[in-house]
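Report on the following structure.
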Amino acid sequence: MSKASKDFLPLSLAILTVSDHRTEAENTSGHYLKEVAEEAGHRVAAQTIVKDNLYKIRAVVSQWIADEQIQAILINGGTGFTQGDNTPEALKPLFDREIEGFGELFRMVSFEEIGTSTIQSRALAGMANQTVIFAMPGSTSACRTAWEHVIEAQLDARNGPCNFTPHVKK
């Protein structure tokens, strides 16, 4: 993997956990994402948990998209195949542009870990108001897969031949 820039550019991130049951103490996926983002050199400017409700998800994400300080949003939860999983439906209308490759690549890498069960993952990503948004399943192992195999490199200005740092708010 080549490096596009010599310098690391720290980004300001927000982390959203979508869950009807998790409390702050039980938010292992949200805590994991915060820890690895900060270890990578990014700043976590906001973090919260919201019920898996289309409009509650949209309200939080819309506020962060409008915030001039938030450059990337990491969302865990609500991407499954049950009736109660609403994250994709909440996000798609907010996207200026969808990043189809994220879901495709996540499922490809996830297949090596969980086999064909990965077809029920509706992981997705997009850009909205120069904010990159990654939505992944809520399990900590799925968050680890997404971070280690896709997101970490795409939030690193040194990753080449391309990454999302040139496309986010300055």
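The values are calculated or read from the model by the stated rules, or taken from the named source; none is laboratory data. What you see is a predicted model; the values in this text were computed from it and never measured. Backbone-built Cβ (ideal geometry, glycine too); neighbour counts: all protein chains shown. Accessible surface areas use protein heavy atoms only, side chains included; no ligands, DNA or RNA. Shrake-Rupley method; radii C 1.70, N 1.55, O 1.52, S 1.80 Å.
Could you look through the stretch 130-152, keep only residues that are open to solvent by 30 Å² or more (accessible area, probe 1.4 Å) and of a type in the set (Gly, Ala, Ser), and pick out the one that is farthest from residue 81 (Cα to Cα)?
The first filter runs over the stretch 130-152 and keeps only residues open to solvent by 30 Å² or more (accessible area, probe 1.4 Å), leaving 130, 139-141, 144, 148-149, 152.
In the following step, the residues that additionally are of a type in the set (Gly, Ala, Ser) were identified as 139, 141.
Details: 139: 14, 141: 18 Å.
Per the criteria, the residue is 141.
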Just to be sure, is residue 71 surrounded by 15 or more Cβ atoms within 10 Å (Cβ to Cβ) and over 19 Å from residue 22 (Cβ atoms)? yes
In the stretch 80-97, residue surrounded by the most Cβ atoms within 10 Å (Cβ to Cβ) [restricted to those that are closer than 17 Å to residue 146 by Cβ and out of contact with any helix residue (DSSP H, G or I) (no Cβ under 7 Å at 6 or more places or on another chain)]: 85
Step by step: first the residues of the stretch 76-93, then only those that are in contact with a Ser or Thr (Cβ under 6 Å, 6 or more places away or on another chain) and among the polar types (S, T, N, Q), then the one that is nearest to residue 33 (Cα to Cα). Which residue is that? 76
Could you check how many residues of the stretch 58-94 are free of Cβ contacts under 8 Å to residues at least 40 places away in the same chain and either part of a helix (DSSP H, G or I) or within 14 Å of the chain's Cα centre (by Cα) (or both)? 9
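Do the conditions hold for residue 109, that is, is it in contact (Cβ under 8 Å) with a residue 60 or more places away in the chain and part of a helix (DSSP H, G or I)?
On the way: in contact (Cβ under 8 Å) with a residue 60 or more places away in the chain: no; part of a helix (DSSP H, G or I): yes.
It is false that residue 109 is in contact (Cβ under 8 Å) with a residue 60 or more places away in the chain and part of a helix (DSSP H, G or I).
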I'd like the full set of residues that are part of a loop (DSSP other than H, G, I, E, B), in contact with a Phe, Trp or Tyr (Cβ under 7 Å, 6 or more places away or on another chain) and surrounded by fewer than 21 Cβ atoms within 10 Å (Cβ to Cβ), limited to the stretch 153-170. 157, 158
Residue by residue through the stretch 34-57, note down the ones that are in contact with a strand residue (DSSP E or B) (Cβ under 7 Å, 6 or more places away or on another chain), assigned to a helix (DSSP H, G or I) and within 18 Å of residue 142 (Cα to Cα). 34, 37
Do you know which of the residues in the stretch 7-27 that are surrounded by 15 or more Cβ atoms within 10 Å (Cβ to Cβ) and of a type in the set (Val, Ile, Thr) is farthest from residue 72 (Cα to Cα)? 18
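With the structure loaded, tell me whether residue 119 is surrounded by 15 or more Cβ atoms within 10 Å (Cβ to Cβ), assigned to a helix (DSSP H, G or I) and at negative phi or whether it fails that test. Working first, answer last.
Numbers: surrounded by 15 or more Cβ atoms within 10 Å (Cβ to Cβ): no; assigned to a helix (DSSP H, G or I): yes; at negative phi: yes.
Against the criterion (surrounded by 15 or more Cβ atoms within 10 Å (Cβ to Cβ), assigned to a helix (DSSP H, G or I) and at negative phi), residue 119 does not qualify.
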